[in-house]
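Only one structure is covered here, and it is reproduced in the block below.
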Amino acid sequence: MSNKTNRLFNYKFLIAHKASSYPVIYSNISSVLTGKPWYANKHTDIVIDGFPRCANTYATYAFALVQGKEVNIAHHIHKKSQFLIAERFNIPAILLIRKPIDCVASTLVRQPKYSPDALLKGYFSMYDQLRNKNSYVVGEFTQVLNHYDKIIQAVNKKFGTEFNVYDKNAQNEEKVKEIIHSQDELTNAKDYKQRVAYPTQERQQSNAEIKNVLYQKQYEYLRIKCEELYTEIIQAQLIQ
C-alpha cells in the first residue's frame with residue numbers, strides 16, 4: 001500500500017475520532033456506512049468498548065458467554081461516542097483501557113497501516129472527553145483478563161443490574177478463545193498468526209520491536225500525554 005493511501009487512512013481515522021464528539025450524529029451515520037449493529041442506542045443493555053487492543057474482544061464475548069440469554073452489547077466501535085450515548089440514556093458501561101504504549105504497539109502489529117502519531121492522537125481523543133465522567137466502570141486491561149468477575153460485579157453495584165459474573169475457569173476460557181478465533185476478521189490473512197486478536201509468539205516479538213520505536217524522541221510528547229491521561233482515569237476510578 002502506498003504512503004499516500006496510508007496517509008488518507010490515518011486522516012480518516014482522526015476525523016472519525018473528532019466526529020465522535022457528536023455521538024448521535026456520528027453513530028447514526030457510521031452505522032449506515034459500516035453496516036455494523038454494535039453502536040450504542042437507547043435499546044442497548046450495556047456498552048463494553050475501548051481503544052483497539054484493550055481486550056475488547058475478550059471482554060465482549062466473555063461477558064456474552066455467561067449471560068444465559070441474548071444481551072444487546074454495544075462494542076468494537078472504539079470511539080467515545082459509545083460512552084456519551086450510554087451516559088445520556090443511563091446505560092451500564094465498561095470503559096476498557098490499557099497502557100498507551102502497550103495498546104498502540106499491539107495495534108500497529110495488527111494493522112500496520114496506522115502511524116504511531118495517529119494512534120497516540122486517537123487514544124488521547126477517545127479518553128480525554130471521558131476522563132471526568134462517572135458514567136462507567138473502568139475495565140483495565142490486566143484486570144479484565146484476570147479478574148473480570150470483579151469488574152462485572154462493580155457494574156451491577158453501580159447501575160443496579162443483575163448481569164451474570166464471568167467465572168475464569170478452563171472451560172470458559174477455551175470457549176472464549178474459540179469465539180475470538182472464529183470472529184476475527186483477519187482469519188484468512190497470510191499473516192494471521194501475527195495479527196490475530198489473541199497472544200501469539202509472533203505478535204509478542206513484533207510488539208517489542210515497535211515499542212522501541214514508540215520511545216523515540218519524536219513521539220515523546222504525545223506518549224507522555226497519553227500516559228498521564230491513562231493514570232488519571234485509573235486513579236479516578238480507584239477514588240470512586
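The values are calculated or read from the model by the stated rules, or taken from the named source; none is laboratory data. Remember, it's a predicted structure, so these values are computed and weren't measured experimentally. Ideal geometry is used to build each Cβ from the backbone, glycine not excepted, and the neighbour counts take in all protein chains shown. The protein model used for the area step is the full one, side chains on, heavy atoms only, and it has no ligands, DNA or RNA in it. Shrake-Rupley method; radii C 1.70, N 1.55, O 1.52, S 1.80 Å.
Pairs under 8 Å by beta carbon, first residue open to solvent by 80 Å² or more (accessible area, probe 1.4 Å) in region 170-186, partner modelled with pLDDT of 85 or more and part of a helix (DSSP H, G or I), six or more apart or different chains?
The qualifying pairs are LYS175/LEU65; GLN183/THR57; GLN183/TYR61.
For every residue, the table says whether it meets (1) polar (S, T, N, Q); (2) over 17 Å from TYR230 (Cβ atoms).
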residue: LEU119; (1), (2): no, no
residue: SER125; (1), (2): yes, no
residue: LEU130; (1), (2): no, no
residue: SER135; (1), (2): yes, yes
residue: GLU140; (1), (2): no, no
residue: ASN146; (1), (2): yes, yes
residue: ASP149; (1), (2): no, yes
residue: GLN153; (1), (2): yes, yes
residue: ASN156; (1), (2): yes, yes
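Can you tell me which of (1) open to solvent by 10 Å² or more (accessible area, probe 1.4 Å); (2) closer than 21 Å to GLY139 by Cβ; (3) touching a Lys or Arg at 6+ places or on another chain (Cβ under 8 Å); (4) not in a helix (DSSP H, G or I) is the one CYS54 doesn't meet?
(1)
Looking only at region 91-105, decide whether some residue is under 19 Å from SER125 (Cα atoms), free of Cβ contacts under 8 Å to residues at least 40 places away in the same chain, open to solvent by 10 Å² or more (accessible area, probe 1.4 Å) and not in a helix (DSSP H, G or I). Steps first, please.
Step one: of region 91-105, the residues under 19 Å from SER125 (Cα atoms) are 93-105.
If we keep only those that are free of Cβ contacts under 8 Å to residues at least 40 places away in the same chain too, we end up with none.
Among the residues of region 91-105, not one is under 19 Å from SER125 (Cα atoms), free of Cβ contacts under 8 Å to residues at least 40 places away in the same chain, open to solvent by 10 Å² or more (accessible area, probe 1.4 Å) and not in a helix (DSSP H, G or I), which makes the answer no.
Check LYS80, LYS18 and return the single one that is open to solvent by less than 60 Å² (accessible area, probe 1.4 Å), out of contact with any Gly (no Cβ under 8 Å at 6 or more places or on another chain), under 18 Å from GLY122 (Cβ atoms) and in contact (Cβ under 8 Å) with a residue 24 or more places away in the chain. Explain how you work it out, then say what you get.
Details: LYS18 fails: open to solvent by less than 60 Å² (accessible area, probe 1.4 Å).
That would be LYS80, the only listed residue that is open to solvent by less than 60 Å² (accessible area, probe 1.4 Å), out of contact with any Gly (no Cβ under 8 Å at 6 or more places or on another chain), under 18 Å from GLY122 (Cβ atoms) and in contact (Cβ under 8 Å) with a residue 24 or more places away in the chain.
Looking at region 59-72, which of its residues are open to solvent by 20 Å² or more (accessible area, probe 1.4 Å), within 18 Å of the chain's Cα centre (by Cα) and among the hydrophobic types (A, V, I, L, M, F, W, C)? Step through it out loud before you land on a result.
Step one: of region 59-72, the residues open to solvent by 20 Å² or more (accessible area, probe 1.4 Å) are 61, 64-66, 68-72.
Still in the running and within 18 Å of the chain's Cα centre (by Cα): 61, 64, 72.
Passing the criteria: only ALA64.
Select from region 63-88 the residues that are of a type in the set (A, V, I, L, M, F, W, C) and assigned to a strand (DSSP E or B) and list them in ascending order.
Answer for region 63-88, where residues must be of a type in the set (A, V, I, L, M, F, W, C) and assigned to a strand (DSSP E or B): ILE73, ALA74.
Taking GLU87 and the conditions (1) over 30 Å from ALA208 (Cα atoms); (2) within 16 Å of the chain's Cα centre (by Cα); (3) of a type in the set (Asp, Glu), which numbered condition does it fall short on, given that it satisfies the others?
Answer for GLU87: the failing condition is (2).
Any chance region 125-142 includes a residue that's over 20 Å from ALA208 (Cα atoms), among the small types (Gly, Ala, Ser), touching a strand residue (DSSP E or B) at 6+ places or on another chain (Cβ under 9 Å) and surrounded by fewer than 20 Cβ atoms within 10 Å (Cβ to Cβ)?
Scanning region 125-142 turns up at least one residue that is over 20 Å from ALA208 (Cα atoms), among the small types (Gly, Ala, Ser), touching a strand residue (DSSP E or B) at 6+ places or on another chain (Cβ under 9 Å) and surrounded by fewer than 20 Cβ atoms within 10 Å (Cβ to Cβ).
If you go through region 135-154, how many residues are closer than 18 Å to THR57 by Cα and either at pLDDT below 95 or hydrophobic (A, V, I, L, M, F, W, C) (or both)?
Total satisfying the criteria: 7.
What's the number of the only condition in (1) open to solvent by less than 20 Å² (accessible area, probe 1.4 Å); (2) among the polar types (S, T, N, Q); (3) assigned to a loop (DSSP other than H, G, I, E, B) that SER27 fails to meet?
With respect to (1) open to solvent by less than 20 Å² (accessible area, probe 1.4 Å); (2) among the polar types (S, T, N, Q); (3) assigned to a loop (DSSP other than H, G, I, E, B), SER27 is out only on (3).
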